[in-house]
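What follows is a set of notes on a single structure, which appears directly below.
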Amino acid sequence: MAEVQTFENVACGFCGLGCDDLTLEVEGRAVRAKAGPSGAICPEAARLFRRLDTAEPVARVAGEVTSQADVYREAHRILAGATAPVIAGFGTDMAGAGALVDLAIRFGGVLDHHASQGLFRNYAAVQRTGWLSTTLAEVRNHCDLLVVVGDDPTANWSRLFEKFYPATPLFATGERRVVFLGGSPSEKARRQLEGITISELAGDPVEVLEALALLVSGRTPPVAASGSLPLAELAALAEALRASKYAVVTWNAGALDDGDLVAERATALVDALNVTTRAGVFPLGGVDNIVGVNQLLLWRLGYPLRTLVRGQGSAHDGTLYSTQAALRDADVLVWVSAFRPEPPPDFSGKVIALAHPDTIFQTEPDVVIPVGTPGVDHAGTVFRMDSIVSLPLGALRVATLPSVAEAVRRLAEG
């Protein structure tokens, strides 16, 4: 039997929360998560780190196994002949993202991430009003009143409240309170919030946030009840927000149909609070390094995701160049998903998939190139959801699959 190696304080690059205290065991090529000091295991990390000691899938063309040289030659041929390619999925580390931008500069194409819907709902608010955003460290150490808008976010960020509420915050020494607006905390959230005062408010989050902003500003909402809530209950929360030392509003725009309006109303509430106290917004996101990828595009091209690169120029349109919209006019899709087995969307044109080895395809792509996962098969760098911390990821085992950066380089060479 192979020796079991235990890795402590492993960084995780999957959900964007940036946990760096995981314990993993590696036996041969098998990888498995081990319970931490609290006895709990993040289910998302356990699922996505897990590897079996089995052979990796091989690259193939039209479902047929062929030589590596033929696979990359065919992928190059398809992309070189494309008139309107889309490079999407974009689940990769910073090196892979840089290589994909180079690929777009050479062959042209629309660049988008599979989780960009929430990002652009938030951008809609930022472009109209700007916002005062805060960081994970500020929430941990200062926030005394947190408003969580929408469903319990621990379904996507399993350890969110554990990260928000350490046992010994630096500055928030008094009562700490969490208000769930338009949703309820799960049992997992309640366990992580032990010792924190929890309350719930029903009603439409957009209407409630708008009413709270008015009340915080000393004005009265135009109706006696807003968002199906009695005015007295809204006024009590508004007073608590005014009395707080550091209030934070958080939401997941990707899971809210009216996420752009939630972002705008939350921003207005925080603006009103900052007249007399401190407050900030903390938009949730960051899955599969979308924050890092978006920043890289800004550095390299001057535009965020959903940008078209063609010839010597580039153009951005948050609607026209979303993956779904761009594929209507595309002839080739380059799909990249190294962090998780996310299959490409339905598409009638040619598909080149740089895919997680466990990906199950409904329709076999024209070219499949299995790639390694950053933080499992090779080192890499990703960004945390608040965009201020880059997270180095180490390799846990000897790689037998190429990284996205290496696969893209070989594809470009043909």
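The values are calculated or read from the model by the stated rules, or taken from the named source; none is laboratory data. Treat the numbers as computed from the prediction; the structure is a model and nothing was measured. In this analysis, Cβ positions are derived from the backbone assuming ideal geometry, glycine residues included, and neighbour counts consider all displayed protein chains. We work out accessible area using only protein heavy atoms, side chains counted, and drop any ligands, DNA or RNA first. Shrake-Rupley method; radii C 1.70, N 1.55, O 1.52, S 1.80 Å.
Some points to look at:
- Stretch in the chain that is longest and holds no GluC sites (Glu not before Pro) that DSSP places in a loop and that have at most 11 other beta carbons within 10 Å: 195-414
- Carbon + sulfur, % of accessible area of the chain - ligands and nucleic acids excluded, 1.4 Å: 51 percent
- Residue ranking by accessible heavy-atom surface, 1.4 Å probe, largest first, among ARG242, ARG77, ARG384 comes out as ARG77, ARG242, ARG384.
- Each Cα pair of the chain feeds into the Kirkwood radius, which the Stokes-Einstein equation turns, at 4 °C and 1.567 mPa s, into a diffusion coefficient of 57 µm²/s.
- Ignoring lysines fewer than eight residues from LYS245 along the same chain, the ones with Cα atoms less than 25 angstrom from its Cα are LYS163.
- Excluding ligands, DNA and RNA, the accessible surface per residue across the range 50-112 is 41 Å² with a 1.4 Å probe.
- For ALA240 and GLU27, the FRET efficiency from 1/(1 + (r/R0)^6), where r spans their Cβ atoms and R0 equals 51 Å, is about 0.50.
- Per-residue HN-Hα couplings for the range 312-317 [Karplus 6.51, -1.76, 1.60; θ = phi - 60°; Hz; x = Gly/Pro]: 9, x, 9, 9, 10, 8
- Computed label-point distance, nm, for sites THR66 and ARG310 using a 7 Å Cα→Cβ extension: 3.0 nm
- Solvent-accessible area per residue, Å², over the range 262-348 with all protein chains present [probe radius 1.4 Å]: 41 Å²
- Annotation for the range 171-247: chymotrypsin sites (Phe, Trp or Tyr not before Pro) lying in DSSP loop with at most 14 further Cβ atoms inside 10 Å of their Cβ are PHE171.
- Rg and Dmax, both from the Cα atoms of the range 133-290 and both in Å, are 14.6, 44.
- Contact order normalised by residue count of the chain, Cα under 8 Å, 6+ apart, percent: 24 percent
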